[in-house]
Amino acid sequence: MRLCRFDTGRLGVVEGENLRDVTAALDVLPTYRYPLPSCDPLIGNFAAVTERIRTLLPSAPTTPLSAATLLSPVANPGKVIAAPVNYQKHLDEVRGDEGLHHQNQINTIHKAGLFLKATSALAGAGEGIALRKLERRNDHEVELAFVIGKTARGVSKHDALDYVAGYCIGLDITIRGAEERSLRKSADSYAILGPWMVTADEIPNPGALELSLSVNGSPRQQSNTRHLILGVPELVEFATSFYTLYPGDIFFTGTPEGVGPIEPGDTIVASIERIGSMEVKVRAA
């Protein structure tokens, strides 16, 4: 199943070039009072929501996908986690280009660990990227992203995929400079997630997916998730050895080589096998 959020926060199921409006499935969500739960309510109640979706689908109204503004498939993640330099060729290109490393020490992911992006950086493909710090270089980074489906603590890599709700395309946009990664990667709209979430049952092996990115029709990045230093299972194991993951937490797995600058007016097309493609417009903030 390909689940999307669109327009004013409506819920849809993508079928080819159309989407089915199944917003009524959100009626099964519990009513919360303060304090709010630590998880995204939709992902935290995913089984009940998807069961309701299946009953709604046969008669759900259809909308052309091209007419919808696609939002982030997850509305309220508790955390947006990201893996730095998780492809060897990207690690090599960062270490070899002062325009990328700015004299920061670039460790392997095993030493650098993970970092967090602000949840306020999250946006959908239809919302676009609003660039800040235009006097500095802003770069694109295409990544496989996944969404945690249930509470995870101390999870073994052998069980890790059981904790994944689904997969998306991620764009980890970066302002180059000497500051900490999490600051430079947390500007509003610098975490694009989309175009929809493909449920985990449709991607049994996230470690063998082609991914690519082009800017204005010019190819920039091309790789396969088999080249990840730490794959999805290892990333879940690594993260949950330090902190708890909750339903709806989003994980950006790292970008391959070929990162490059973007400017207002650019159009990015990012694609990942078995998920699809998304077109994202770039503008000035």
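Exactly one residue out of Asn76, Asn104 is within 26 Å of His227 (Cβ to Cβ), open to solvent by 40 Å² or more (accessible area, probe 1.4 Å) and assigned to a loop (DSSP other than H, G, I, E, B), and it is Asn104. When the residues of the stretch 224-237 are filtered to those that are in contact with a Pro (Cβ under 9 Å, 6 or more places away or on another chain) and open to solvent by less than 10 Å² (accessible area, probe 1.4 Å), the one that is nearest to Asp249 (Cα to Cα) is Val232. Evaluating His90 against the criteria (1) touching a Pro at 6+ places or on another chain (Cβ under 8 Å); (2) without any contact (Cβ under 8 Å) to a residue 12 or more places away in the chain; (3) under 30 Å from Leu183 (Cβ atoms) leaves one unmet condition, (2). Of all residues in the stretch 1-32, those satisfying the criterion of being exposed (fewer than 14 other Cβ atoms within 10 Å of the Cβ) and either part of a loop (DSSP other than H, G, I, E, B) or in contact with a Phe, Trp or Tyr (Cβ under 6 Å, 6 or more places away or on another chain) (or both) are Thr8, Gly9, Gly16, Glu17, Pro30, Thr31, Tyr32. Among the residues of the stretch 33-48, those identified as within 18 Å of the chain's Cα centre (by Cα) and assigned to a loop (DSSP other than H, G, I, E, B) are Cys39, Asp40.
Residues in the stretch 126-143 that are of a type in the set (Gly, Ala, Ser) and open to solvent by 10 Å² or more (accessible area, probe 1.4 Å): Gly126, Ala130.
Considering the stretch 51-73, the residues that are closer than 26 Å to Ala123 by Cβ, among the aliphatic types (A, V, I, L, M) and assigned to a helix (DSSP H, G or I) include one that is least open to solvent (accessible area, probe 1.4 Å), namely Ile53.
Take the conditions farther than 30 Å from Leu70 by Cβ, in a helix (DSSP H, G or I) and either of a type in the set (D, E, K, R) or open to solvent by 40 Å² or more (accessible area, probe 1.4 Å) (or both) and apply them to His110. Does it pass? The answer is yes for His110. Given the criteria buried (at least 18 other Cβ atoms within 10 Å of the Cβ) and more than 17 Å from the chain's Cα centre (by Cα), does Thr240 qualify? When the stated conditions are applied, Thr240 passes them.
Residue check: Ile192 meets all listed conditions (1) surrounded by fewer than 20 Cβ atoms within 10 Å (Cβ to Cβ); (2) in contact (Cβ under 8 Å) with a residue 60 or more places away in the chain; (3) at negative phi but one, namely (1). Does the stretch 255-266 include one or more residues that are open to solvent by less than 20 Å² (accessible area, probe 1.4 Å), within 13 Å of Thr225 (Cα to Cα), touching a residue at least 24 places away in the same chain (Cβ under 8 Å) and not aromatic (Phe, Trp, Tyr)? Yes: the stretch 255-266 contains one or more residues that are open to solvent by less than 20 Å² (accessible area, probe 1.4 Å), within 13 Å of Thr225 (Cα to Cα), touching a residue at least 24 places away in the same chain (Cβ under 8 Å) and not aromatic (Phe, Trp, Tyr).
The values are calculated or read from the model by the stated rules, or taken from the named source; none is laboratory data. Everything numeric here is computed off the predicted structure, so don't read it as measured data. Reconstructed Cβ throughout: ideal geometry from the backbone, glycine too, with neighbour counts over all protein chains shown. Only protein heavy atoms, including side chains, enter the accessible area calculation; ligands, DNA and RNA are left aside. Shrake-Rupley method; radii C 1.70, N 1.55, O 1.52, S 1.80 Å.
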